[in-house]
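**Q** First the structure, which I've put down as structure tokens, then a few questions once you've had a look.
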Amino acid sequence: MADYYRSLATCIFCKIIKGEIPSFKLVGTELSYSFLDIGPLAKGHALIIPKYHAVKLHDLPDEYLVEAMPIAKKIALALGVENYNVLQNNGRIAHQEVDHVHFHVIPKPEASDTEGLVVGWPQKKPAMDELKQLHEELLKRL
């Protein structure tokens with residue numbers, strides 16, 4: 001538990017929520033806070049963070065997830081872009097840079113291969129038997 005409070009005290013997003021670090025606030029509610037990213041991948045790149053300190057999505061109480069997508073939608077509409085990504089990473093190997101759950105809204109400008117999120121998608125081709133077995137295992141756990 002001491003590690004939790006230590007990370008809470010040093011978390012940059014918690015400091016932004018408390019107003020200890022300035023930000024360009026977009027939407028703030030009782031449970032969520034959103035602001036412009038200061039290292040954007042494209043003009044208008046924004047972050048949505050829950051006001052509860054959780055490192056990974058599975059650590060976050062469900063009530064703090066309720067507003068994330070509606071806020072992402074509001075931001076996307078305000079940006080007036082047709083194409084955009086909503087991104088959420090969990091863990092360093094999955095490209096999470098800040099140890100506080102957060103969602104990115106990243107505009108993808110028209111005809112730009114270099115601005116916005118650039119993603120490679122190394123698709124696999126599992127056998128149908130493998131998918132069937134995985135499906136059965138997951139259904140048991142759900």
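**Q** I'd like the FRET efficiency for residue 18 and residue 97, computed as 1/(1 + (r/R0)^6) with the beta carbon distance as r and R0 of 25 Å, rounded to 0.05.
**A** E(calc), rounded to 0.05, equals 0.80.
**Q** Further question on the same structure: Taking the Cα atoms of the stretch 22-72, what is the range of coordinates along each of the three principal axes, in descending order and whole Å?
**A** Between the extreme Cα coordinates on each principal axis of the stretch 22-72 lie 31, 21, 20 Å.
**Q** Follow-up question, since we're still on this one. Filter the cross-link list 18/56; 73/125; 51/124; 73/132; 51/140 down to pairs whose alpha-carbon distance in this structure exceeds 26 Å. Write down the numbers at each step before the final one.
**A** Numbers: 18/56 20 Å; 73/125 33 Å; 51/124 37 Å; 73/132 34 Å; 51/140 33 Å.
Over 26 Å apart, Cα to Cα: 73/125; 51/124; 73/132; 51/140.
**Q** Taking a probe of 1.4 angstrom, what is the accessible area of residue 82 in Å², to the nearest 10?
**A** 150
**Q** If packing is taken as the mean number of other Cβ atoms within 10 Å per residue, what is the order of 25-35, 56-66, 41-51, highest first?
**A** Values: 25-35: 16.4, 56-66: 12.6, 41-51: 20.8.
Top to bottom by mean Cβ count within 10 Å: 41-51, 25-35, 56-66.
**Q** Here's a follow-up. Fully extended, how many nm does the chain gain between residue 124 and residue 25 (0.36 nm per residue separation, minus their Cα-Cα distance)?
**A** Values: separation 99, 0.36 × 99 = 35.64 nm, distance 3.98 nm.
Computed gain between residue 124 and residue 25 is 31.7 nm.
**Q** If you don't mind, another one. Provide the per residue accessible area, probe 1.4 Å, for the stretch 49-106, rounded to a whole number of square angstrom. Working shown, then result.
**A** Working: 3340 Å² over 58 residues.
Accessible area per residue, the stretch 49-106: 58 Å².
**Q** For residue 65, list long-range residues whose amide hydrogen, built 1.01 Å from N in the peptide plane, is under 5 Å from its own amide hydrogen.
**A** none
**Q** Let me ask you something else. Compute the length gained on full extension between residue 83 and residue 135: take 0.36 nm times their separation in residues and subtract their Cα-Cα distance, giving the result in nm to one decimal.
**A** Values: separation 52, 0.36 × 52 = 18.72 nm, distance 3.17 nm.
This chain segment gains 15.6 nm when fully extended.
**Q** If Rh is defined by the Kirkwood formula over all Cα pairs and Rg also comes from Cα, what ratio Rg/Rh do you get for the chain? Working shown, then result.
**A** Values: Rg = 17.5 Å, Rh = 17.0 Å.
Rg/Rh: 1.03.
**Q** Of all the accessible heavy-atom surface of the chain, with the other protein chains kept in place and a 1.4 Å probe, what percent is carbon and sulfur? Mind dumping the intermediate values first?
**A** Values: 5750 of 9960 Å².
Carbon plus sulfur share of accessible area: 58 percent.
**Q** Right, another one. Rank these residues by their accessible area, most exposed first, probe 1.4 Å: 69, 128.
**A** Details: 69 95, 128 145 Å².
Of 69, 128, the descending order of accessible area is 128, 69.
The values are calculated or read from the model by the stated rules, or taken from the named source; none is laboratory data. Fair warning: this is a prediction, and the values are worked out from it, not measured in the lab. A quick note on method: Cβ atoms are made from the backbone with ideal geometry, for glycine too, and the neighbour counts reach across all protein chains shown. Ligands, DNA and RNA are stripped out before the accessible areas are found, and what is left, the full protein with its side chains, is counted by its heavy atoms. Shrake-Rupley method; radii C 1.70, N 1.55, O 1.52, S 1.80 Å.
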